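Novice: Starting off with a structure, shown below.
The values are calculated or read from the model by the stated rules, or taken from the named source; none is laboratory data. Note that the coordinates shown come from a computational prediction; the quantities given were computed from them, not determined experimentally. Counting neighbours? That spans all protein chains shown, and the Cβs are built from the backbone with ideal geometry, glycine included. We work out accessible area using only protein heavy atoms, side chains counted, and drop any ligands, DNA or RNA first. Shrake-Rupley method; radii C 1.70, N 1.55, O 1.52, S 1.80 Å.
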Amino acid sequence: MRIVPGLLGACLLLTACSGTAPVAPPTVTVTAPPTPASADPATLAWLDGFCSAIHDYRRRTNAEAVPGTSEPGSVEEAQRALSQELGGIADRTGEVVDRLKTLPPAPVPLAETVRQAFVTKYTTARDRARDAKKALDEAKPGDAASQDPAWKALEQAQQDVDGTYDPVAPLAESPELLTAAASTPGCKA
C-alpha cells in the first residue's frame with residue numbers, strides 16, 4: 001500500500017519538473033455587430049409626434065381615472081358622474097385626433113396608413129362620447145332611462161380605442177420604422 005502513494009508522488013514530481021509550458025487558452029476575437037444606419041430626421045420627428053400622442057392619451061387616461069369613487073346617491077348624481085366620464089373621454093380622444101391630424105405627412109406609406117387608422121378610431125370614440133354626453137346632459141334631471149344609452153356609448157367608446165395603446169406594433173412590417181422607433185423618445189412607453 002505504500003508503493004501507490006510513493007508512485008503518485010514521483011509522477012507529480014516528474015510532471016512538475018518536465019519544463020513544458022502550460023498551454024495558453026485559444027484567443028477569440030469578437031467583432032461588434034454593424035451599427036444600424038441612422039434614421040432620417042424627418043422619420044424620427046414624425047414618429048416622436050405620433051407615439052407621443054398615443055402614449056400621452058394613455059397616461060392622461062390613467063391619471064384621470066378615479067379609483068374607489070363612491071356610488072352616486074341619486075339618479076341625478078349618476079347622470080352628472082356619467083356625463084363627466086363621457087366628457088373626459090371626448091376631451092382626451094379629441095386631443096389625440098387633433099395631434100395626429102397636425103402631423104406632417106408620414107415619411108413612409110405604412111406609417112400614414114397606421115396614422116389614418118388611429119385617427120379613425122379616436123375620432124369614432126370622441127364623437128360617440130361627445131354625442132352621448134350631449135344627450136345625457138339634455139335629459140331631464142333624474143331621468144333614469146337616459147343613463148342606459150350613455151353607459152352603452154361609454155363602453156363602446158372605450159372599445160373603439162381598444163388596441164391602439166401601442167403605437168409601434170402596427171409599424172412592425174417596416175424595419176426602417178422599427179429602427180427609428182427604438183431611438184425615438186416618444187415611442188418609449
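Novice: Take segment 156-189 and flag every residue that is open to solvent by 50 Å² or more (accessible area, probe 1.4 Å) and either among the aliphatic types (A, V, I, L, M) or outside any helix (DSSP H, G or I) (or both).
Specialist: Answer for segment 156-189, where residues must be open to solvent by 50 Å² or more (accessible area, probe 1.4 Å) and either among the aliphatic types (A, V, I, L, M) or outside any helix (DSSP H, G or I) (or both): Asp162, Gly163, Tyr165, Asp166, Ala169, Ala172, Glu173, Leu178, Ala182, Ser183, Lys188, Ala189.
Novice: I'd like to check something: does segment 79-102 contain any residue that is at pLDDT 95 or above and not in a helix (DSSP H, G or I)?
Specialist: yes
Novice: Assess whether Pro109 counts as being touching a helix residue (DSSP H, G or I) at 6+ places or on another chain (Cβ under 7 Å), closer than 24 Å to Cys187 by Cα and open to solvent by 60 Å² or more (accessible area, probe 1.4 Å).
Specialist: No, not satisfied.
Novice: To continue, here is another question. Could you please let me know if Ser74 is touching an Asp or Glu at 6+ places or on another chain (Cβ under 6 Å), more than 30 Å from Pro175 (Cβ to Cβ) and either modelled with pLDDT under 50 or surrounded by 10 or more Cβ atoms within 10 Å (Cβ to Cβ) (or both)?
Specialist: no
Novice: Sticking with this structure for a sec: Which of (1) in contact with a Lys or Arg (Cβ under 6 Å, 6 or more places away or on another chain); (2) of a type outside the set (Lys, Arg); (3) closer than 15 Å to Phe118 by Cβ; (4) in a helix (DSSP H, G or I) does Ala153 not meet, given it meets every other one?
Specialist: Every condition holds for Ala153 apart from (3).
Novice: Under the condition of being part of a helix (DSSP H, G or I) and touching an Asp or Glu at 6+ places or on another chain (Cβ under 7 Å), which residue from segment 122-150 is surrounded by the most Cβ atoms within 10 Å (Cβ to Cβ)?
Specialist: The extreme case among them is Ala125.
Novice: Just need a number here: residues in segment 39-71 that are open to solvent by 50 Å² or more (accessible area, probe 1.4 Å), at pLDDT 70 or above and assigned to a loop (DSSP other than H, G, I, E, B).
Specialist: Residues that pass the stated criteria total 3.
Novice: In segment 118-139, is there at least one residue being under 19 Å from Trp46 (Cα atoms) and either among the hydrophobic types (A, V, I, L, M, F, W, C) or at pLDDT below 95 (or both)?
Specialist: yes
Novice: Within segment 71-102, can you find the residues that are without any contact (Cβ under 8 Å) to a residue 24 or more places away in the chain and among the aliphatic types (A, V, I, L, M)?
Specialist: Across segment 71-102, the qualifying residue is only Ala81.
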